[in-house]
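Read-outs: derived from the displayed coordinates by stated rules, not from any lab. Nothing here was measured: the structure is a model prediction, and the numbers come from that model. Positions of Cβ are generated from backbone atoms using ideal geometry, with glycine treated the same way; all protein chains shown enter the neighbour counts.
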There are 2 protein chains.
Amino acid sequence: MEFHISNMDSLKFDHDHENNSHIITNPLDPQEFRRNGHLVIDFIADYYQNIEKYQVLSQVEPGYLRKLLPESAPYHAEPIEIILQDVQKYIMPGITHWQSPNYFAYFPSSGSVAGFLGEMLSTGFNVVGFNWMSSPAATELECIVMDWLGEMLKLPKSFLFSGNGGGVLQGTTCEAILCTLTAARDQMLSQFGRDKIGNLVVYGSDQTHSALQKAAQIAGIYPKNFRAIKTTKSTLYGLCPNSLRATIQSDVQAGLVPLFLCATVGTTSTNAIDPIGPLCEVAKDFGIWVHIDAAYAGSAFICPEFRHFIDGIEGANSFTLNAHKWFFTTLDCCCLWVKDPSALIKSLSTNAEFLRNKASDSKQVVDYKDWQITLSRRFRAMKLWLVLRNYGVANLRNFLRSHVKMAKLFEELVGLDNRFEVIAPRNFALVCFRVLPSPKGMDGYEEGEAKQVERANELNKKLLESINGSGKVYMSPTVVDGAYIIRCAIGATLTEERHVIMAWKIVKEHAATLLSKY
Amino acid sequence: MEFHISNMDSLKFDHDHENNSHIITNPLDPQEFRRNGHLVIDFIADYYQNIEKYQVLSQVEPGYLRKLLPESAPYHAEPIEIILQDVQKYIMPGITHWQSPNYFAYFPSSGSVAGFLGEMLSTGFNVVGFNWMSSPAATELECIVMDWLGEMLKLPKSFLFSGNGGGVLQGTTCEAILCTLTAARDQMLSQFGRDKIGNLVVYGSDQTHSALQKAAQIAGIYPKNFRAIKTTKSTLYGLCPNSLRATIQSDVQAGLVPLFLCATVGTTSTNAIDPIGPLCEVAKDFGIWVHIDAAYAGSAFICPEFRHFIDGIEGANSFTLNAHKWFFTTLDCCCLWVKDPSALIKSLSTNAEFLRNKASDSKQVVDYKDWQITLSRRFRAMKLWLVLRNYGVANLRNFLRSHVKMAKLFEELVGLDNRFEVIAPRNFALVCFRVLPSPKGMDGYEEGEAKQVERANELNKKLLESINGSGKVYMSPTVVDGAYIIRCAIGATLTEERHVIMAWKIVKEHAATLLSKY
């Protein structure tokens, strides 16, 4: 195979002039794979080695890339060396470096060597594991690792294959919630009649991830029947079981049908905890499907000291955590366990003739296509298997504990400085804090409460813009009870204690500059 | 970092006995990444080099893997070398080798060096590109490559960003259809009232992919309002516009509301073509959303000689092709273009406070989270960009043409043998054929037509089992008009003419053995 470095002319393709020097006959040539694969491994290894040199949050302007790239795809082949140069020159400035040790925004997108290698193997085999037969190892390994991880989390046996439940790897929690909600919906409608879809009610709190609302929208739940029950500081922004009961009762009295509760352990905003046991008790009285969304925090439950947060899970129907958030698998890898796989299958199965086969007809195998939205599915179990084996339970617990320890350190540093306050209790590795403006207005006179809130919010917004604009760290905001808050989520794989100490130093410096003006 | 080869004891984790030799402090250590990355590149390169030695269709029995793997995740770290040995020993036998040159089943899952490298870069950056700001390059590159590919396909300008439409990369066609159907549904309901959901009707043919039915189920369309309009041999199993019109008219007379048509170009079963122009004319009369599903065949439209199959696309609302099927990107990479992104956005957007940012508020950027089901999204544009650049338009056309040419060869070989017949016309690189039993029954007496059909079906089923059981090739079945048919889909990246000739030889040999018994 020969390469020719393209000039600008060859980037246009307006007519078919053939040129032998660009002809590629085998796009999966093993030698070419080997040569270019090694190149890209080194490229990425160098990236991780130098990652602290980049500004964490990309500082480009909207539309920056269109100005830099050609208007059309190239007519002739371009060599990988040139493409990698362009990645460096054009793409890199527009990357927000989620793998940077100074990345503290949203939740981590946790990569690892093992996760990366698993992704490589999965991409290398490139099987489409829609049913068992299409690649038995893909399905069977998934069943096995989901039981392994389920046991590590001490999930009730009823959620494991060994207890007639089972786990499945989906892309994201959004898909998992949509699947379970659809299953719950169809179960209910088969009882009450299809025409009752307008009566079904879905419950969450005002802290529940927007994934629930979106899933409800897609599944045809009427927008007026979506309940985001208000939480308060008194319950640390967890959903109060009494509020849930009152809301359901009033819906029942209005002739509506309570359908589905999404309870969250570790909300996106502040890591609030919905009390699983008591909520499941309420749900049980009304025959509601309970889904537990532990997208971020779920991984921590492999550590005995955190497991109590999902005590009572026996009463729930399904449970998710995102292994790509805080379990080192790289995006995407959402782990969903259900007690009753047949509910998913009843709702999501289709029986196309071209997919029929002996193994499926025998009902002795799992066909994951009937557990999810899509037919085609990647071999995601490979990366979860590699993470579990290449690190082992002991290291995985230590990784998570070290993040929690660093978050505790950051929390302590904030707590020691009386210009700041920690807003919500820190349950895992997320610290929510803000800087406090002086209690009086800029003019020295006392100001009303609303004015104070507004000023505090403006100050914190400015502070966040200022630290993120520095490119040295990246944190993200939330708003709770009207207050603008800064979130510092620790969990990027490369983060060490020194990065956390430096992050706090940067926050303090930028705050000092701002406070002098306020 | 030190490794210790685990013995069976260390595979159990019943108590926390720490052992320093297994401690890993940095799971994203660049040197470890480099060393292990090179190992796995060589592992996969060797796999491609030796791929013909493996049986194409895995011959394992259900449950094979549980017997081979430990019951629990290991407590201590295991080195990558041991894991790779286990991949070879335990996983490989359960892999169906979709990348084998002798893989002719379903549709191809087309890998390539460029696609693999793109996946590596995307996994290496591991950004979560939900909105523009979360990693501007991920969004902007996606907009750009979708315009590039749209132009290569000569899509109407109204489907491109440059014409106020736009493209988005989703996982699979199932997701894309669900998104467009939800958008169409909400548009209609906002006009007719939410309570009319039970009146909405979705149209496809009896050849349409089950993705449509599943999407309709999930979106809450009443099962009784799903129309799989019958096709016949007379239209080569394409959906007849008159049949569509008649079906719609009868629904309208019954007080129902026609909503959505999924027209297919290159059906899964036989590559049938729904006539886009005439169907769009019918749809226009009733204000129906038309989605064109060209999951497999779509890639071919970059060749001018195939582009006519979507003539009339101007009248459609959305269009999909799966670049992971026949465009070398590896799974998953579904390209969806829509004329009216705002319809998607109205249905699929959510506005969580924690995601608010200046760029989004300015409405100057694309936030792809509002174009799809999920919030989190991978940087899929990277692999499409690499495929387009590393091969260029000329090579990509040649790759596809070479597959079509090989399919033509296979079709000719079948046609020359009067014991076989080619069933449906070959439009792209799929050949549907079957072996013909002798016209009389085994006892020498004439038999009825039903009996003949049954015998032919049994013979072809046996033939397929026989060739797939040999492990030398893998083809898959379909049933059309009650006839059991064998599908030979050419498009695995490594397939060369010699593999196709050999495949035909194997089919003939196995048929000869069977025919001697029938």
Notebook entry, point to check: In which sequence would B:W337, A:W98 go, from the one with the fewest C-beta neighbours within 10 Å to the one with the most?
Noted result: A:W98, B:W337
Checklist line | Alpha carbon centroid spacing (whole Å) that separates segment A:53-97 from segment B:210-279 | finding: 42
Item checked: Cut-off 17 Å, label 7 Å out along Cα→Cβ of B:T25, residues of segment A:487-509 by amide N -> A:493-501
Check: With +1 on each Lys and Arg Cβ and -1 on each Asp and Glu Cβ, how big is the dipole of segment A:128-378 about its Cα centre, in debye rounded to the nearest 20?
Finding: 400
Check: Whole-Hz Karplus ³J(HN,Hα) for segment B:501-514, in order, using 6.51 cos²θ - 1.76 cosθ + 1.60 and θ = phi - 60°, x for Gly and Pro?
Finding: 5, 5, 4, 5, 4, 5, 4, 4, 4, 5, 5, 4, 4, 5
Next item on the list: Over segment B:167-347, calculate the relative contact order: mean separation of alpha carbon pairs under 8 Å at least 6 apart, over the residue count, as a percent.
Entry: 25
Item checked: Listed residues A:G277, A:I373, A:A294: farthest to the positive end of the dipole of segment A:240-398 (Cβ charges) -> A:I373
Item checked: Kirkwood Rh in Å, taken over chain B so that all alpha-carbon pairs contribute -> 25.5
Note to self: Using only the alpha-carbon atoms, what does the protein assembly as shown span along each of its principal axes? Please give whole angstrom values in decreasing order.
What the structure shows: 104, 64, 61
Item checked: Chain A Cβ-axis minimum, rotational copy B, residue and distance in Å -> A:G220, 1
Checklist line | Virtual spin-label span in nm between B:S250 and A:S362, 7 Å along Cα→Cβ | finding: 4.2
Item checked: Separation of the B:T513 and A:N50 label points, Cα + 7 Å toward Cβ, nm -> 5.9
Notebook entry, point to check: Do you know the relative contact order of chain A, to the nearest whole percent, from alpha carbon pairs under 8 angstrom that are 6+ apart?
Noted result: 20
Check: Between A:K154 and A:E497, what FRET efficiency comes out of the Förster formula 1/(1 + (r/R0)^6) with R0 = 30 Å and r the beta carbon distance, rounded to 0.05?
Finding: 0.50
Margin query: Can you show me the helix-derived [θ] at 222 nm for chain B, built from DSSP H runs with n ≥ 4 at -39,500 (n - 2.57) apiece and divided by the number of residues, rounded to the nearest 500.
Written below: -13000 deg cm²/dmol
Check: Which values of log₁₀ I(q)/I(0), to two decimal places, follow from the Debye formula for segment B:331-408 at q = 0.18, 0.20, 0.24, 0.27 Å⁻¹ with a uniform point scatterer at every Cα?
Finding: -0.91, -1.01, -1.20, -1.32
Check: Relative contact order (percent) for segment A:460-518, with alpha-carbon contacts under 8 angstrom and 6 or more residues of separation?
Finding: 34
Next item on the list: Treat every Asp and Glu Cβ in chain A as -1 and every Lys and Arg Cβ as +1, leave all other atoms uncharged, and give the resulting dipole magnitude about the Cα centre to the nearest 20 debye.
Entry: 1200
Item checked: Residue order, fewest to most surrounding Cβ atoms within 10 angstrom, among B:T329, A:T25, A:T495 -> A:T25, A:T495, B:T329
Next item on the list: Please state, as a whole number in µm²/s, the translational diffusion coefficient that the Stokes-Einstein equation yields for segment B:167-347 at 10 °C and 1.306 mPa s, with Rh defined as the Kirkwood radius across alpha carbon pairs.
Entry: 98
Next item on the list: Scan segment A:40-95 for trypsin sites (Lys or Arg not before Pro) in coil per DSSP, keeping those whose Cβ has at most 13 other Cβ atoms within 10 Å, and list them by number.
Entry: A:K67
Next item on the list: Putting +1 on Lys and Arg Cβ atoms and -1 on Asp and Glu Cβ atoms, find which of A:Y90, A:H76, A:Q213 reaches farthest to the positive end of the dipole of chain A.
Entry: A:Q213
Notebook entry, point to check: Toward the positive end of the charge dipole of segment B:393-517, about the Cα centre and with charges on Cβ (Lys, Arg +1; Asp, Glu -1), which of B:V480, B:L413, B:L396 goes farthest?
Noted result: B:L396
Checklist line | Alpha carbon centroid spacing (whole Å) that separates segment B:139-202 from segment A:125-157 | finding: 33
Next item on the list: Determine the distance separating the Cα centre of segment B:421-438 from the Cα centre of segment A:452-518; give it in Å without decimals.
Entry: 66
Margin query: Just to be sure I understand the model, the point goes 7 Å from the Cα along the line to the Cβ. What's the resulting B:K233 to B:V422 distance in nm?
Written below: 1.7
Notebook entry, point to check: Got a sec to turn the phi values of segment A:456-466 into Karplus ³J(HN,Hα) couplings, 6.51 cos²θ - 1.76 cosθ + 1.60 with θ = phi - 60°, whole Hz, x for Gly and Pro?
Noted result: 4, 5, 4, 4, 6, 4, 4, 5, 5, 4, 5
Checklist line | Shielding by partners - mean other protein chain Cβ count within 10 Å, residues of A:470-479 | finding: 2
Next item on the list: Counting other beta carbons within 10 Å of each Cβ, put B:F319, A:F125, B:F301 in order, fewest first.
Entry: B:F301, A:F125, B:F319
Next item on the list: Residues in segment A:355-394, backbone N under 19 Å from the label point at B:K461 (7 Å along the Cα-to-beta-carbon vector): list them, ranges by number please.
Entry: A:355-365
Notebook entry, point to check: Where in segment A:353-383 are there trypsin sites (Lys or Arg not before Pro) that are in a DSSP coil and have at most 13 other Cβ atoms within 10 angstrom of their Cβ?
Noted result: A:K363
Notebook entry, point to check: Lysine pairs in segment A:128-378 8 or more apart or on different chains: how many have alpha carbons under 15 angstrom apart?
Noted result: 7
Item checked: For the protein assembly as shown, size of Cβ-based charge dipole, Lys and Arg +1, Asp and Glu -1, in debye -> 1140
